[in-house]
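Read through the structure below, which is laid out as structure tokens, and then see the notes.
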Amino acid sequence: MPIYRSIIIDDEVLARGVIRTFLQTDPSINIVDEAGNGAEAVIKILQHRPDLIFLDIQMPEFDGFEVLTEIWPHHQPFVVFTTAYDQYALRAFEVNAIDYLLKPFNEVRFYQALGRVQERLAQQAQPRIETLVNQLITEQASQPRGAYLRRILVKETGRMYFVNTDEISHLDADGNYITLHTENRSDRNAGAGLERHTIYESLTSLETKLDPADFVRIHRSYIVNLNYIAEVETYFNGDYIVKLKNGQQLKWTRNYRDNLKAFYAKSM
């Protein structure tokens, strides 16, 4: 989960406390600092360069709009205005504020604003599809003929991203849909951080693109990363049970028994 940096700016201590309390229930927002007047806000924004600021309008030194005028040539965070005055609403949206919270606001209204913020932050963080595709084309073109995939492009509704092949513990297929099972490398022995990513391709096709020194077919529906195998046990009728380091178990069927040679070679 991405963590977004925020600063709370308000000359009222109690008002800052309310926002702080609401934000502390959301692990995706990290409060890096607070400011009690406009001049202090400018300094702290340029120092921390937050993704998001909660900005009061009427404050000593600089008002909220003057704060934005000072920082925008150098840094442009997303802005949620928090004020007791409704006459600034039109001007607030003219400077592309995400929301305008009129004090006193309740928790429900605050989380509505926060939802809009997170939507915009996620859109900003998501690389453009064209960029990802061009990266993949460039990467594949730079590899020698016959080189194996190091990353796999995953397409989901509204976004695309890469999955590193060395983070895939195993793959399973359902028709032409493949699920990539991944975990963070630091969690490899802990069974934590497991994730699933779905792509559209046949398992047989993808198998030819994966390094056989690391990935072997163990079942008509499974490919396993040898680096994630903890042990292999004999089972019935010539089959085997593969136990992964993350605690998951897969069946290695007798039809793919010849691929055990790769496992033995990796173990030596």
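Condition first: buried (at least 19 other Cβ atoms within 10 Å of the Cβ) and under 22 Å from Leu14 (Cα atoms). Now tell me which residues in segment 75-87 satisfy that.
Val79, Val80, Phe81, Thr82, Thr83
With the checklist (1) more than 26 Å from Tyr177 (Cβ to Cβ); (2) outside any helix (DSSP H, G or I); (3) touching a Phe, Trp or Tyr at 6+ places or on another chain (Cβ under 9 Å) in hand, flag the one item Ile223 doesn't pass.
Unmet condition: (1).
This table checks each residue for (1) farther than 24 Å from Tyr200 by Cβ; (2) touching a Leu at 6+ places or on another chain (Cβ under 8 Å); (3) at pLDDT below 80.
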| position | (1), (2), (3) |
| --- | --- |
| Trp72 | yes, no, no |
| Tyr88 | yes, no, no |
| Leu102 | yes, no, no |
| Ile129 | no, no, yes |
| Arg151 | no, yes, no |
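Report, by residue number, each residue of segment 104-127 that is of a type in the set (A, V, I, L, M) and modelled with pLDDT of 85 or more.
Of everything in segment 104-127, those that are of a type in the set (A, V, I, L, M) and modelled with pLDDT of 85 or more turn out to be Val108, Ala113, Leu114, Val117.
Based on this model, can you work out whether Tyr4 counts as among the aromatic types (Phe, Trp, Tyr) and farther than 18 Å from Val117 by Cα?
no
Ala15: touching a strand residue (DSSP E or B) at 6+ places or on another chain (Cβ under 6 Å), modelled with pLDDT of 90 or more and over 30 Å from Glu195 (Cβ atoms), yes or no?
no
Pairs please, first residue from segment 17-38 and more than 12 Å from Ile7 (Cα to Cα) and surrounded by 18 or more Cβ atoms within 10 Å (Cβ to Cβ), second anywhere and modelled with pLDDT under 95 and among the hydrophobic types (A, V, I, L, M, F, W, C), Cβ atoms under 8 Å, 6+ apart in sequence or on different chains.
Phe22/Phe110; Phe22/Leu114; Gly38/Met59; Gly38/Phe62; Gly38/Val67
Confirm whether Phe105 is under 18 Å from Ser6 (Cβ atoms) and either touching a strand residue (DSSP E or B) at 6+ places or on another chain (Cβ under 8 Å) or not assigned by TED's automatic domain parsing to the domain that holds Val13 (or both).
When the stated conditions are applied, Phe105 passes them.
The values are calculated or read from the model by the stated rules, or taken from the named source; none is laboratory data. Note that this is a predicted model, so its numbers are computed, not measured. In this analysis, Cβ positions are derived from the backbone assuming ideal geometry, glycine residues included, and neighbour counts consider all displayed protein chains.
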